[in-house]
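Heads up: the structure comes next, in C-alpha cells.
The values are calculated or read from the model by the stated rules, or taken from the named source; none is laboratory data. What you see is a predicted model; the values in this text were computed from it and never measured. So basically every Cβ, Gly included, is an ideal-geometry build from the backbone, and we count neighbours across all protein chains shown. In case anyone asks, the SASA skips ligands and DNA or RNA and just uses the protein heavy atoms, side chains included. Shrake-Rupley method; radii C 1.70, N 1.55, O 1.52, S 1.80 Å.
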Amino acid sequence: MSANPQTRSLAEIAAELRDGTLRSSDLLQQATARHDATEPHLNAYRTWCGDRARKQAGAVDTLLATGIDLGPLMGVPVSVKDLFGVPGLPTFAGTDAAFPADREVSGPVVGAVLAQSGIVTGKTHTVEFAFGGLGTNPHAGTPVNPWSAPDAPRAPGGSSAGAGVSLAQGSALLALGTDTAGSVRIPAALTGQTALKITHGRWSLDGIVPLSPSLDTPGLLARSIADLAFAFAAIDPQRPEVPANGAVTGLRIGVIQNTVWDDIDPSIAENTRTALQMLEKSGASLSRVTLACVDEVLAIFRAGGLAAPELRAFLDRNFPERIARLDPTVLARVQAADDVSAAEYLQRAASLAHCGRKAAEVFDIVDVLVSPTVPITAPRLADLADGETYRRANMMALRNTALVNLFGWCAVTLPTGLDAHGIPSGLQIIAPPMQEARLLAAALAVERVIGSGPEMLGAAPLSNTTNNPPLTNRRPHETV
C-alpha cells in the first residue's frame, strides 16, 4: 500500500486507486479506524454507514481491477451533511426526528457522487435546518472542534458542523455541505480545512432540505484547495477541466477594509496580514477597497434576511407540527418571521439584488477580494449556553461570510495558521458570480504561496480527544 492517504491529494489517491497501489477498502479501513477512535468525543456523524460503506468499497476494488472507471471520485470516502437525501439513509436535517422517506431521494449533487461510486461514509451533523453559524444542536449533540483543549470543548462552526470535523477526524477525504450565509466556510475555517461556496443557482438544490431557497447553495469542504478543485471538476454539471494553478504575480487582490476587520481577534488579524504580506512579496498586487452597500445588506441580514421568512413558510406548509419542537435558538428567529410582511420580504429581496450589482463594480479593478473568513475564535461550548452570548458569537461568526451570499458571489476559504487559542483561522477569497474556475485558479496560487492546511497546521490534536466522554447519550444511527 502507498503512503498514508491523509498526506496525499485526491488526484494522487485517484491515480493510485487506478494503478492498483491503493485500494478503496484500505481507505475505508483507515477512515473507519479514525472514526471509531474519536467519534465518541467528536460526534461528527448523525448516521454512520459502517458495513454498507465497506461493502461498497470492496465492490469498487473489484470494478477498478477489471478496468471499469466510473469517475474521478470512485472509491473516495465522502461525508454528506444531513440535509442531503441519500438513498437508504435517514434525513434528520438536525431535527429531533427523521423526515419521511421521500427525503432520502438524492438530488443531482449527491447523485453525481453516487454515480461515480464515491463512498458515502455517513450523514454529518448540522445545525437544525442549517440555521446557525456555530454548529450547536441540542437534539443530537454538538460536534466538538478537534483543535479544542480536552477540558474546554469549542464549537466546530456551522451549519455544516460535522463536515469539517469529519475531515479533521480523517473519516472522510471530502465533505458535502450547504452554505446560506457561510455554512461551509465557517466550519472549514475553524477546523483547519478548505471550502468552496459556489454561486447560487449553479448547482441544483433538489434533494436538499431547504433553509432559504433564495440563498442556499450546495458546497464542498476538503483538506486543500487542490482537493476542492479536483472535486469541483468531478461534480460540476458543466464538467470543466480541473482548474489549473493561476499566477500570483500580477494577481490583483482587493483587501476589503470596511466592517470585516471590526472587533476581530488580534491573532486572527495577524495571521491574515501575514498571509497577505507573503502574497505581496510573491508578486501579487494588493489594494485596499471599500465595498458598497455593506451596512445595508448586513442590516437586512440581522433582521432575519430572507432565511427566516422562507424557513417559516416551508415549515408552515410542510411540517407545522415541528415548529414547537425547534431548537430555541432557531425557534426565536422562525417566530420573528411572523412580523415580516410580504411587502417587506419583497423589498429585502430587491435591495439585496440592487446591492449585489452595485458592490460587484469593484471587480472592474480587482481580480478577487479577500477578508478574514471568521473574525472570532471558535467559542467554548459552555459559554454558548447563555442565549445572549450565543447571539453575539453567532452573528460575528457569520458576518464576513454572509456578505458573499447576500451579494450573490462565490468564495473559498483556506487556513492561515492557528490563533492565540490554538484554533485555525482562515482567509476568504471572493470572486464574481459564476467565476468558480477563476476563483479556484487564484486560490491554488495563493495556497502555493502560503501553504496548504496539512503543511501549515499539522494534524489536529485528536489524541487529546480519544479518552473523553461524548457530549450526549444519544448515539449516531447505525445503518448496515
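Observations, loosely collected:
- Stretching the chain fully between A313 and A59 yields a gain of 87.1 nm (0.36 nm per residue, less the alpha carbon separation).
- Farthest toward positive dipole pole in the chain [+1 Lys/Arg, -1 Asp/Glu at C-beta], among A353, N271, A247: A247
- Heavy atoms of T217: accessible area, 1.4 Å probe, square angstrom to 10: 0
- Taking all protein chains as they are arranged and a probe of 1.4 Å, the heavy atoms of E344 leave approximately 80 Å² accessible to solvent.
- In this calculation the C-beta distance from D236 to D151 is compared with R0 = 56 Å, giving a FRET efficiency of 0.85.
- Shape of region 192-329 from the C-alpha gyration tensor: oblate (a/c of 1.5 or more and a/b not above b/c, with a ≥ b ≥ c the square roots of its eigenvalues).
- Residue-span extension gain [D262 to D364] - 0.36 nm each, minus C-alpha spacing: 34.1 nm
- Region 101-175: C-alpha gyration tensor shape, a/c 1.5 cut-off, then a/b vs b/c: oblate
- Stretchable slack from L70 to D295, in nm (0.36 nm times residue separation minus alpha-carbon distance): 76.2 nm
- Solvent-accessible surface of region 303-354, averaged per residue with a 1.4 angstrom probe and all protein chains in place: 50 square angstrom.
- Charged-residue dipole, Cβ positions (Lys, Arg, Asp, Glu), region 70-154 about Cα centre, Debye nearest 20: 180
- Beta bridges per DSSP with both ends in the chain, % antiparallel, nearest 5: 65
- Relative to the 2.2 N^0.38 Å rule of thumb, region 1-159 has a C-alpha radius of gyration ratio of 1.10.
- Principal axis dimensions, largest first and in whole angstrom, of the chain by Cα: 57, 57, 45
- Accessible surface, per residue, of region 128-242 when the full set of protein chains is kept, probe 1.4 Å, Å²: 18
- Rg/Rh ratio calculated on Cα atoms of region 328-377 (Kirkwood radius): 1.16
- Whether region 33-122 is rounded, prolate or oblate, judged on the alpha carbon gyration tensor where a/c under 1.5 counts as rounded: oblate
- Computed per residue of the chain from DSSP H runs no shorter than four, each worth -39500 (n - 2.57), the mean residue ellipticity at 222 nm is -12000 deg cm²/dmol.
- At an R0 of 60 angstrom, the distance between the Cβ atoms of A115 and E388 translates into a FRET efficiency of 0.80.
- Using Cβ point charges alone (K and R +1, D and E -1), the dipole size of region 1-142 about the Cα centre works out to roughly 20 debye.
- A simple spin-label model places pseudo-atoms 7 Å from Cα toward Cβ; at T7 and T21 they are separated by 1.3 nm.
- Heavy-atom accessible surface of I264, to the nearest 10 Å², is about 30 Å², with a 1.4 Å probe and all protein chains retained.
- Diffusion constant of region 380-447 at 37 °C, which comes from Stokes-Einstein with the Kirkwood Cα-pair radius and 0.692 mPa s, µm²/s: 236
- Note on region 165-263: Kirkwood hydrodynamic radius from all Cα pairs is 15.1 Å, rounded to one decimal.
- For region 95-107, 3J(HN,Hα) computed residue by residue from phi via the Karplus equation (6.51, -1.76, 1.60; θ = phi - 60°) reads 8, 8, 8, 5, 7, x, 4, 5, 7, 8, 6, 7, x Hz, glycine and proline entered as x.
- Rounded accessible area per residue of region 374-459, 1.4 Å, Å²: 31
- Here the chain exposes an accessible surface that is 54 percent carbon and sulfur, computed with a 1.4 Å probe and the other protein chains kept in place.
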